Amino acid sequence: MQTRNTRMGIILFAVYLVLYGGFVLINTFSPESMEATPIAGINVAILYGFGLIVAAFIMALLYGFLCDSDDGEASSTEDDQ
């Protein structure tokens, strides 16, 4: 099960790395697009930054849920012995 949890963590890390890499690449090669204000006068850089924070929080919850769901079954069989 530790291998499964490790694999899940690496997958979620890779997803976040792609999201963050997109943020860095846009800032590097097209900074003027980050100055656009699509929603209520808030620029894309702020929206993307908050999106990264929310994505990290959701991924942490997802990782905790996916890794914890099997732990309960394993510990209940160990308690029976």
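List of remarks:
- Search result, residues across segment 5-25 that are surrounded by 13 or more Cβ atoms within 10 Å (Cβ to Cβ) and either more than 30 Å from ASP68 (Cβ to Cβ) or of a type in the set (Ser, Thr, Tyr) (or both): TYR16, TYR20
- Matching option when the condition is in a helix (DSSP H, G or I) and modelled with pLDDT of 90 or more, among ALA36, ALA74, ALA55: ALA55
- Residue that is hydrophobic (A, V, I, L, M, F, W, C) and at pLDDT below 95, where the choices are PHE23, PHE50, PHE65: PHE65
So that you can scan it fast, the table gives a plain yes or no per residue for (1) within 10 Å of the chain's Cα centre (by Cα); (2) touching a residue at least 40 places away in the same chain (Cβ under 8 Å); (3) surrounded by 12 or more Cβ atoms within 10 Å (Cβ to Cβ):
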residue: THR3; (1), (2), (3): no, no, no
residue: ASN27; (1), (2), (3): no, no, yes
residue: SER33; (1), (2), (3): no, no, yes
residue: LEU47; (1), (2), (3): no, no, yes
residue: TYR63; (1), (2), (3): yes, yes, yes
residue: CYS67; (1), (2), (3): no, yes, yes
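The values are calculated or read from the model by the stated rules, or taken from the named source; none is laboratory data. On a predicted model such as this, the values are computed, not experimentally measured, just so you know. When we count neighbours, we look across all protein chains shown, and the Cβ atoms used for this are built from the backbone with ideal geometry, even at glycine.
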